[in-house]
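Have a look at the structure below before the remarks.
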């Protein structure tokens, strides 16, 4: 049975030399592939394009995987605790503002003498009178 070779990895020096030979020295793609043992013309074409646009630095290996950073680390206990306290504080501030508005509305209604009848009273009286 045939073996599957998979993708071949080439080091920076091989990529750079192959791209330079084709782009600057004018060797054909077939000559470059034979000289450096490159299996895929697509890889060589990509290296040449990267070399033309970004120079030798564009062929350097790029880091693999998820970048390290604050997002990947779990928060420490004091930081998480402080965050929860801040959330609770914001909630309580909003609650105080809401209750202040409710009290102001109730005070305004009692000062003008226009109290609304609660829906429970109306419904209760309608049930007792047989209107429902």
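The values are calculated or read from the model by the stated rules, or taken from the named source; none is laboratory data. On a predicted model such as this, the values are computed, not experimentally measured, just so you know. Backbone-built Cβ (ideal geometry, glycine too); neighbour counts: all protein chains shown.
Out of all the residues in segment 60-67, is one or more surrounded by 10 or more Cβ atoms within 10 Å (Cβ to Cβ) and assigned to a helix (DSSP H, G or I)? No, the conditions are met nowhere in segment 60-67.
Can you say whether residue 67 is within 30 Å of residue 9 (Cβ to Cβ) and at pLDDT below 90, as far as the supplied structure shows? So residue 67 fits the description; yes. Residue-level check: of (1) at pLDDT below 75; (2) closer than 30 Å to residue 13 by Cα, residue 118 misses just (2).
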